[in-house]
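Pasting a structure below so you can have a look.
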There are 2 protein chains.
Amino acid sequence: MEPPAARRRVTIVDVARHARVSTTAVSKVLRGAYGASPEMRAKVRRSIDELGYRPHTGARALRGQTYTIGVMLPDIRNPFFPEILDGITGSLEDTEYQVFLGPGCNGEKAEARVTEAMIDRSMDGIVMVAPVSSRARLEHVASAVPTVVIGRHGSSPLYDTVADDDIEGASLVVGHLAGLGHRRIAHIDHHETDPARLAEMPNARRADGYRQAMRAHGLEESIDVVSTSYTQEGGYEGAKQLLTRPHRPTAVFAGADVVAMGVLEAVGEAGLSVPGDISVAGYDNTTLAAFAPISLTSVDQAGHEMGRNAVRLLLDRIAGRHRPSSRVMLSPTLVPRRTTAPPSS
Amino acid sequence: MEPPAARRRVTIVDVARHARVSTTAVSKVLRGAYGASPEMRAKVRRSIDELGYRPHTGARALRGQTYTIGVMLPDIRNPFFPEILDGITGSLEDTEYQVFLGPGCNGEKAEARVTEAMIDRSMDGIVMVAPVSSRARLEHVASAVPTVVIGRHGSSPLYDTVADDDIEGASLVVGHLAGLGHRRIAHIDHHETDPARLAEMPNARRADGYRQAMRAHGLEESIDVVSTSYTQEGGYEGAKQLLTRPHRPTAVFAGADVVAMGVLEAVGEAGLSVPGDISVAGYDNTTLAAFAPISLTSVDQAGHEMGRNAVRLLLDRIAGRHRPSSRVMLSPTLVPRRTTAPPSS
């Protein structure tokens with residue numbers, strides 16, 4: 001199946017001729033531009049496959065584009081991020097763009113290293129997922145290359161954002177637990193001290209949403225937030241603290257599914273049962289939450305849609321839009337499963 | 001913390017002067033070459049951080065290198081791959097190299113697309129994790145750019161391989177289950193028909209190792225292999241088939257932890273308990289296996305070490321080694337946990 005090395009390279013003109021469309025149409029499909037119908041895309045994609053057309057970055061770079069999109073992911077172990085990534089790669093499938101992930105962005109320094117590396121390699125656009133860097137740093141990246149930020153609130157004239165309505169999501173969880181009869185509902189948050197991040201990070205919004213909803217249900221006295229981290233270890237440590245309270249909570253709202261995993265671990269270790277002794281809810285509706293032996297009540301924040309929206313905005317910026325910047329806010333839904341039930345007492 | 005844009009770019013000469021070492025020494029550290037002591041690396045790294053030195057790809061590309069390493073991952077949902085990735089990024093931390101992941105390589109076509117994109121962007125080296133492409137295709141990639149293949153057996157003069165001794169790993173599982181008193185031990189494999197892959201893929205080796213070990217324990221009559229896929233769904237479907245056998249197996253050896261997750265799901269759905277009614281073992285010793293509420297018996301194939309070895313071989317190839325090619329085979333260990341116990345009958 002290897003084409004002989006001496007064979008002439010297939011060009012966009014060959015693709016257009018084979019698909020019986022214009023080279024402009026082929027180019028539109030490859031750039032993911034608006035105005036290419038699904039039929040047109042299918043036709044061009046078929047010809048590309050049949051002819052074995054492969055874009056040539058060197059040549060394209062001379063025209064000023066590398067057709068490369070960098071995605072910065074903080075933690076490839078968090079099972080929510082593959083959902084976002086699927087939305088991104090799925091939206092770019094029919095285009096000439098290739099996605100490359102910069103892994104291991106656990107902190108401002110690592111984020112700077114990876115984004116500089118992306119800029120340095122002339123990537124056409126960058127999607128930053130849940131970045132923790134300062135606003136100034138994000139704007140520095142966005143001023144160098146078209147940028148969309150996923151999973152962080154706040155707005156900037158320089159980049160677009162796609163986020164979930166985290167206050168609404170937290171309110172759905174508290175409403176569900178209060179509706180089951182729980183009063184002592186505790187929350188595990190990601191520890192945050194930076195004031196800018198306190199205003200923009202999803203974790204801070206979820207903690208705010210939790211507090212607001214507790215007050216709305218007349219449970220102000222029972223507000224109890226433990227701040228650890230959005231990791232399994234964070235959930236484990238947070239739950240250990242909550243389980244030593246004189247009046248143990250009857251329900252725990254973990255800020256992320258991966259945190260809820262740590263809660264389940266600590267609760268099991270303490271010889272308590274879920275949901276018999278304690279109800280547990282997460283956030284993200286990952287495949288882990290849906291996994292039957294876990295069956296975790298969670299909030300679906302539509303990662304796939306977040307990825308799709310980010311690509312749409314990014315391609316639009318790459319095509320030349322500089323302003324206005326866009327903020328897309330998606331509405332979450334609650335997915336009740338077996339880890340939440342009425343309190344036993 | 002943003003350096004003013006007008007400030008002169010920090011060069012390797014500045015770093016050498018600041019660290020009081022030669023520019024050759026700095027260059028060695030940045031290339032991850034042999035002969036730089038840990039003290040030297042720490043000193044240079046400190047100066048790089050203090051001065052805010054950032055390599056400049058454009059300039060370096062003119063010298064023929066982009067200091068970019070591409071890692072092809074088949075499935076970012078498989079919790080084993082982050083272990084390998086940590087080994088790779090950890091080994092490159094003190095160097096000038098940046099790792100980019102090509103996601104979504106679920107099949108030969110996607111693998112071709114991603115590797116071509118990496119070659120096209122002049123990456124210096126490629127690590128392919130568990131590729132399914134033909135040998136000819138792998139050699140095509142390796143003839144274009146230094147390449148190391150992880151998690152696939154067989155050897156080629158053109159690339160190095162790092163793999164786990166999968167036959168030994170399967171034998172550890174069967175030995176453990178047989179030692180507990182099980183006789184009807186079934187195996188769930190990844191369906192494979194291509195003869196080249198049957199000889200080289202870890203899944204095929206594990207199935208072979210299972211058969212060999214069953215014979216060695218006098219359990220030839222009980223050999224029972226279901227071929228689905230190395231995914232959670234594959235484990236679910238495989239277990240569904242096994243549970244309808246007239247003589248149900250008392251133990252299931254799933255070829256990967258992610259497969260074992262699907263088995264646990266199907267067993268629970270059938271109203272059976274683990275390990276009371278049926279023992280379950282996986283392979284990969286992922287964080288999921290170690291997760292207390294799951295506590296899955298598994299085989300540790302040292303993903304971290306695999307990643308480290310791959311980087312060592314790749315840097316060596318980038319530095320100019322063309323032959324001989326190396327094959328590194330790592331020895332697995334068994335990690336018994338709560339999902340395996342003596343059979344109840």
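The values are calculated or read from the model by the stated rules, or taken from the named source; none is laboratory data. None of these values were measured; they are calculated from a predicted model. Here the Cβ positions follow ideal geometry from the backbone for every residue, glycine too, while neighbour counts run over all protein chains shown. These area figures cover heavy atoms from the full protein model, side chains too; ligands, DNA and RNA do not enter into them. Shrake-Rupley method; radii C 1.70, N 1.55, O 1.52, S 1.80 Å.
How many angstrom lie between the C-alpha centres of segment A:134-211 and segment B:190-230?
After rounding, the separation between the Cα centres reads 48 Å.
Check which residues have an amide H placed less than 5 Å from A:V328's amide H, if you skip close sequence neighbours.
For A:V328, whose amide H was placed from the backbone, the distant partners under 5 Å are A:T161, A:V162, A:A163.
Using a simple charge model, +1 on the beta-carbon of Lys and Arg, -1 on the beta-carbon of Asp and Glu, nothing else, what dipole does chain B show about its Cα centre, in debye to the nearest 20? Don't jump to the answer; show the numbers that get you there.
Details: 39 positive and 40 negative charges, 281 e Å.
Dipole size: approximately 1360 debye.
Please list 3J(HN,Hα) in residue order for segment B:316-324, calculated via the Karplus relation 6.51 cos²θ - 1.76 cosθ + 1.60 where θ = phi - 60°; whole Hz, with x for glycine and proline.
5, 5, 4, 6, x, 5, 10, 8, x
Here is a further query. Can you list the copy-to-copy distances for B:R321, using a point 7 angstrom from Cα toward Cβ, in nanometres, shortest first?
Those separations, rounded to one decimal, come out as 5.0 nm.
Shifting gears a bit: If you average the sequence gap of Cα pairs under 8 Å that are 6 or more apart and divide by the length of chain A, what percent do you get for the contact order?
17 percent
Skipping prolines and chain starts, which residues have an amide H placed within reach, meaning under 5 Å, of the one on B:T297, given they are 5 or more residues away or on another chain?
B:G282, B:R337, B:R338, B:T339, B:T340
Largest first and in whole Å, what are the equivalent-ellipsoid semi-axes of the protein assembly as shown based on the Cα gyration tensor, each being the root of 5 times an eigenvalue?
39, 35, 26
Here's something else I'd like to know. What whole number of Å gives the distance from the Cα centroid of segment A:257-297 to the Cα centroid of segment B:297-316?
Cα centroid of segment B:297-316 versus Cα centroid of segment A:257-297: 32 Å apart.
Still on this model: Could you rank the peptides A:217-223, B:182-188 by their average count of other C-beta atoms within 10 Å per residue, with the highest value first?
Most protected by this proxy first, the peptides run B:182-188, A:217-223.
Continuing with this model, one more query. Along segment B:113-119, what does the Karplus equation 6.51 cos²θ - 1.76 cosθ + 1.60 (θ = phi - 60°) give for ³J(HN,Hα), rounded to whole Hz, x for Gly and Pro?
Ordered by residue, 3J(HN,Hα) equals 4, 5, 5, 4, 4, 5, 5 Hz.
Same structure, new question: Hey, can you grab everything whose amide H is under 5 Å from the amide H of B:Q98? Only 5+ residues off in sequence or another chain; H modelled, so Pro and N-termini drop out.
B:T68, B:I69
A further question follows. What's the average, rounded to a whole number, of partner chain beta-carbon atoms within 10 Å of each residue's beta-carbon in B:113-125?
Mean number of neighbouring Cβ atoms from other chains: 4.
Now for a different question. Give me the net charge of B:D75's neighbourhood, meaning all other residues with Cβ under 13 Å from the Cβ of B:D75; Lys, Arg count +1, Asp, Glu -1.
Details: positive: B:R77; negative: A:D86, B:E111, B:E233, B:D257, B:D284.
Every neighbour counted, the sum reads -4.
Also, quick follow-up: Could you work out the relative contact order of segment A:166-302, using alpha carbon pairs under 8 angstrom and six or more residues apart, expressed as a whole percent?
After rounding, I find 24 percent.
Got a sec to turn the phi values of segment B:232-249 into Karplus ³J(HN,Hα) couplings, 6.51 cos²θ - 1.76 cosθ + 1.60 with θ = phi - 60°, whole Hz, x for Gly and Pro?
Karplus values, whole Hz, x for Gly and Pro: 4, 4, x, x, 4, 5, x, 5, 4, 5, 5, 6, 8, 4, x, 10, 4, x.
Right, here's the next one. With a 1.4 Å probe and every protein chain left in place, work out the accessible area per residue of segment B:151-227 in Å², rounded to a whole number. Walk me through the numbers before you get to the answer.
On the way: 2960 Å² over 77 residues.
Result: 38 Å² of accessible area for each residue.
Which whole-number value in Å² is the accessible area per residue of segment A:268-341, probe 1.4 Å? Don't skip to the end; give the middle numbers.
Values: 3090 Å² over 74 residues.
Accessible surface, normalised per residue, equals 42 Å².
Here's something else I'd like to know. Got the A:A42 label distances to the other copies yet, label 7 Å along Cα→Cβ, in nm, shortest first?
Those separations, rounded to one decimal, come out as 6.3 nm.
Probe radius 1.4 Å, ligands and nucleic acids left out: can you give me the accessible area buried at the B-A interface, summed over both chains, in Å² to the nearest hundred?
3900 Å²
Just to confirm the numbers: A:V13, label point 7 angstrom along the Cα-Cβ line, distances to the other copies in nm, shortest first?
4.7
How large is the helix-only mean residue ellipticity at 222 nm for chain A, computed as the sum of -39500 (n - 2.57) over DSSP H runs with n ≥ 4, divided by its residue count, in deg cm²/dmol to the nearest 500?
About -13500 deg cm²/dmol.
Per residue of B:288-295, how many C-beta atoms from partner chains lie within 10 Å of its own C-beta, taken as a mean?
Neighbouring Cβ atoms belonging to other protein chains average 5 per residue here.
Taking beta carbons within 10 Å but only from partner chains, what does the mean come to for residues B:95-105? Can you show the working numbers first?
Working: counts 0, 1, 1, 9, 7, 14, 10, 4, 11, 9, 0.
Partner Cβ neighbours, averaged per residue: 6.
Distance in nm between label sites at B:A199 and A:L272, each 7 Å beyond Cα in the beta-carbon direction?
5.8 nm
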